[in-house]
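Read through the structure below, which is laid out as C-alpha cells, and then see the notes.
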C-alpha cells in the first residue's frame with residue numbers, strides 16, 4: 001500500500017513515541033522523520049537509557065508512550081532486554097523492533113513475547129510508513145471509549161464527541177476527564193484531583209469548592225451518572 005505523510009499524520013499527530021537506536025546517523029535521520037509525524041518524540045541511544053525514559057515519562061504524564069521503537073543490537077541493554085522489561089511494566093505496550101538481516105534468530109522470541117511489528121534495516125520509507133500506519137490505526141481504535149448515549153471519548157486525541165460532533169472542554173475539564181477515563185473504576189478525591197490538575201503549580205492553594213465546581217461543569221457535558229461519587233472514596237467513571 002502506498003501512504004504519504006499527510007494520511008499517516010492524521011493518525012499519529014496526537015501520539016507519543018520512544019525511539020531507541022545506538023547508530024548515531026540512523027537515529028538522527030529517523031528521529032527527524034518521527035518528529036514530523038508524532039506529537040512527542042523521545043530518543044535514547046541504548047536500552048538502559050530508553051528504559052529510564054520510559055519510566056520517567058509515566059511518572060510525569062501518568063500514562064505510557066503510545067509507541068516504542070527499538071533496534072535489537074545495542075550496548076548495555078539490547079532491544080530484547082528492553083522489550084522484556086517494558087512488558088513487565090505494561091504488557092499492552094505497542095513495540096516495533098528494527099532488525100538487521102542477521103537478527104532473524106531473535107525474531108521468533110520477540111513475536112512470542114508480544115512485539116507488534118518489525119522493520120528491517122536498511123529502513124525503506126514505504127515499509128516504515130505502512131507499519132506505522134497499521135500500529136497508529138489500531139491505537140486509535142483501541143483508545144475510543146464508549147460513554148454511552150452517543151458519547152465517545154478518544155484517549156489519544158483527548159476529544160469528547162457526541163454523535164461525531166466535538167464537545168468543547170476547558171483545559172481542566174479535559175485533564176479531569178482524561179484522569180478518570182485512564183483510571184476506570186478507580187476513585188479520586190478532591191485533593192487527588194487538585195494535585196493532578198496543578199502538578200506544576202506547587203504554590204497554588206487547594207480549594208475543594210473549585211474542584212466541586214469543575215466536576216459539576218464536566219458532568220453537564222456527559223451522559224447522566226457518568227461520573228459517580230462514592231462517600232469517603234471520591235469520584236470515578238465506572239466501566240465494564
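Coordinate-derived values only; no laboratory data. Just so you know, these numbers come straight off a predicted model, no measurement behind them. Note that we place each Cβ from the backbone using ideal geometry, even for glycine, and neighbour counts take in every protein chain shown.
Some observations on this one:
- Amide N of segment 158-175 lying under 19 Å from the label point, which is placed 7 angstrom from the Cα of residue 201 along Cα→Cβ: 169-175
- Rounded if a/c under 1.5, otherwise prolate or oblate - segment 5-142, Cα gyration tensor axes: rounded
- For the chain, the longest principal axis of the alpha carbon atoms and the long axis of helix 104-113 meet at an angle near 20°.
- DSSP bridge orientation in the chain - percent antiparallel, rounded to nearest 5: 45 percent
- Exposure proxy order (Cβ contacts within 10 Å, fewest to most) of 128, 74: 128, 74
- Folded to 0 to 90 degrees: helix 47-61 orientation relative to the chain principal axis, Cα: 10 degrees
- Here the residues 142, 59, ranked from fewest to most Cβ neighbours within 10 Å of their Cβ, fall in the order 59, 142.
- Gain on full stretching of the segment that runs from residue 186 to residue 233 - 0.36 nm per residue minus C-alpha separation: 16.0 nm
- Correct choice for Cα Rg over 2.2 N^0.38 Å that was computed from the model, options (1) 1.14; (2) 0.95; (3) 0.99: (1)
- Paramagnetic reach from residue 23 in segment 122-155 [backbone N under 12 Å; point 7 Å along Cα→Cβ]: 122-124
- Dividing the mean sequence gap of close Cα pairs (under 8 Å, 6+ apart) by how many residues the chain holds gives a relative contact order of 13 percent.
- Tilt relative to the chain, helix 171-182 - C-alpha long axis, 0 to 90 degrees, to 10: 70 degrees
- When shorter helices are ignored and each DSSP H run of at least 4 residues is given -39500 (n - 2.57), the per-residue value for the chain at 222 nm works out to -14000 deg cm²/dmol.
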